[in-house]
Amino acid sequence: MPLRGTLRLSNAFLSLVVFSGLTTHPAQADEPKPKPENTITIQPELVPPQKFERPPKFWIADITDRSGNPQPLLVMKERGGVFLDKQPTAIMKDALEQSLKAANLLAADAASADLVLRVYLFHFGLASGSALDFFGKVEFSTMVKSPKTGESLEVQAIGTSIANGAMRKKNMQKNVEENIEAALRDATRNFLRGRQLKEAVATLAKGSDVVPAVAPAPVEPPKLRPR
Amino acid sequence: MRIFTAALVALMFAMGAAARPKDEAPQYKTAETKHFTTAEGVELSPAFVDYFYAELRNELTKAKLVKEVIGEGEGVEDADAPKSLVISGTVTEYKKGSVVKSSLIGFGAGLRSLKMDADVVRRSDNQNLCLIHVHVKIDPRWNEKVMAKGAAHEVVKEMKKALAEGAKPTTGEATKPS
């Protein structure tokens, strides 16, 4: 009887080893790893912002990733994967800062800023498309806050781009890179040239002229969106 | 002989380039596309609306109907407003279709279908320039995003036709079976 028990135990152990080998090894092999040849660099383009009556100085305080994506650097899982070289939040910050700086709308520091921006990034990269092409999407929401009054307003922006699919991996990577760059440019433009930002700047400027006796209740930042 | 052949080929190319009609400047400066809404009872995923928005902008850019396609909510210079368009619309009907019906009966039965209305207005005075009705049918095995692609293409095609004709209501119908 003890021998039978040992046999059963060894059988169970053997099957556990076999099954674990079967299930874990292919999954590990399929999991793409970032390498220099499958990593792309997104270069944000300068977007001229709209003209404001009284141009304010902006300061980007913080960019928070609210996409809920566990692997924000992984843009595409298929065919060995395509990775970003920087975190989407860092790329987004670069894009906004470069455009604001070029238009002389970026403050030197938080203390000298007229309006402070807190960006919540909901989507950065590829989204599910028709499988015939690549669908790039960048979506974010910004809380524009006046440090003088403490009042904040929300401004939403979205950028999309459609790029052709490709058979060769090299072309595919190039198309994905161009697609994300176009979507990022579109989203930055949508934010900087949007009517929402213009209205927010005008409203907050009015508010900062007359300082209220009681500070307004802070607006709740946007929550995580279901993907 | 080689020089003669090369010269002949170059001459043919030059003649072809000269015969090609020059690109006409677009009639309108900007077009703002809005996210289409869905009527009550239309069961489409939220991703469909986003994808359709992207496809519509892509098709408008390809069609060269306007100089610049701008995103939803973007501002336009006051001087450009009379030559700017705003496109909005609603998905009025969506039928999932049936693979069984499509395979057994055929002849258009069981196809996935989508109906949408699009309004094109002038930005400066909100005058309706054209009203487009589009009906797209595809094989039920195909992804709904393929349908979005077809619908966007059809909307732009009808829009181009309507704007060229001069603000007459048009109806477009497209069927894309497998």
| Sole exception among (1) open to solvent by 10 Å² or more (accessible area, probe 1.4 Å); (2) of a type in the set (A, V, I, L, M, F, W, C); (3) within 14 Å of another protein chain (Cβ to nearest Cβ); (4) closer than 30 Å to B:Asp80 by Cβ for B:Trp142, by number | (4)
| Of all residues in segment B:147-167, which are open to solvent by 10 Å² or more (accessible area, probe 1.4 Å) and touching a Leu at 6+ places or on another chain (Cβ under 7 Å)? | B:Lys160, B:Leu163, B:Ala167
| Exclusive hit being under 19 Å from A:Leu192 (Cα atoms), in contact (Cβ under 8 Å) with a residue 60 or more places away in the chain and of a type in the set (D, E, K, R), set A:Arg66, A:Arg54, A:Arg79 | A:Arg54
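Pull up segment B:56-104, narrow it to residues that are of a type in the set (S, T, N, Q) and within 11 Å of chain A (Cβ to nearest Cβ), then point me to the one that is surrounded by the fewest Cβ atoms within 10 Å (Cβ to Cβ). Don't jump to the end; show me each part of the working.
Pass one, segment B:56-104, residues of a type in the set (S, T, N, Q): B:58, B:61, B:84, B:88, B:90, B:92, B:98, B:102-103.
From the residues that got through so far, the ones that are within 11 Å of chain A (Cβ to nearest Cβ) too are B:58, B:61.
Working: B:Asn58: 21, B:Thr61: 15.
Out of the qualifying residues, it is B:Thr61.
Taking the options A:Pro26, A:Pro48, A:Pro44, name whichever one is more than 19 Å from the chain's Cα centre (by Cα), surrounded by 10 or more Cβ atoms within 10 Å (Cβ to Cβ) and either among the basic types (Lys, Arg) or modelled with pLDDT of 90 or more (or both). Steps first, answer last, please.
Details: A:Pro26 fails: either among the basic types (Lys, Arg) or modelled with pLDDT of 90 or more (or both); A:Pro44 fails: more than 19 Å from the chain's Cα centre (by Cα).
Among A:Pro26, A:Pro48, A:Pro44, only A:Pro48 is more than 19 Å from the chain's Cα centre (by Cα), surrounded by 10 or more Cβ atoms within 10 Å (Cβ to Cβ) and either among the basic types (Lys, Arg) or modelled with pLDDT of 90 or more (or both).
Go through segment A:134-157 and give me each residue that's of a type outside the set (Gly, Ala, Ser), open to solvent by less than 20 Å² (accessible area, probe 1.4 Å) and not in a loop (DSSP other than H, G, I, E, B). Break it down stepwise before answering.
Of the residues in segment A:134-157, the ones of a type outside the set (Gly, Ala, Ser) are A:134-135, A:137-140, A:142-145, A:147-149, A:151, A:153-156.
In the following step, the residues that additionally are open to solvent by less than 20 Å² (accessible area, probe 1.4 Å) were identified as A:135, A:138, A:140, A:142-144, A:149, A:155.
Once the filter is applied, which keeps residues that are of a type outside the set (Gly, Ala, Ser), open to solvent by less than 20 Å² (accessible area, probe 1.4 Å) and not in a loop (DSSP other than H, G, I, E, B), segment A:134-157 yields A:Phe135, A:Val138, A:Phe140, A:Thr142, A:Met143, A:Val144, A:Val155.
With the requirement that a residue be surrounded by 18 or more Cβ atoms within 10 Å (Cβ to Cβ) and either touching a residue at least 60 places away in the same chain (Cβ under 8 Å) or part of a loop (DSSP other than H, G, I, E, B) (or both), what does segment A:85-99 give you? Explain how you work it out, then say what you get.
Taking segment A:85-99 as the starting set, the residues that turn out to be surrounded by 18 or more Cβ atoms within 10 Å (Cβ to Cβ) are A:88-89, A:91-93, A:95-96, A:99.
Passing the criteria: A:Ile91, A:Met92, A:Ala95, A:Leu96, A:Ser99.
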| said: Could you tell me how many of the residues in segment A:100-120 are out of contact with any Phe, Trp or Tyr (no Cβ under 8 Å at 6 or more places or on another chain) and open to solvent by less than 50 Å² (accessible area, probe 1.4 Å)? | reply: 1
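The values are calculated or read from the model by the stated rules, or taken from the named source; none is laboratory data. Keep in mind it's a predicted model, so treat the numbers as computed, not measured. For neighbour counting, all protein chains shown are included, and Cβ atoms are generated from backbone atoms with ideal geometry for every residue, glycine included. Keep in mind that these areas ignore ligands, DNA and RNA; they rest on the heavy atoms of the full protein, side chains included. Shrake-Rupley method; radii C 1.70, N 1.55, O 1.52, S 1.80 Å.
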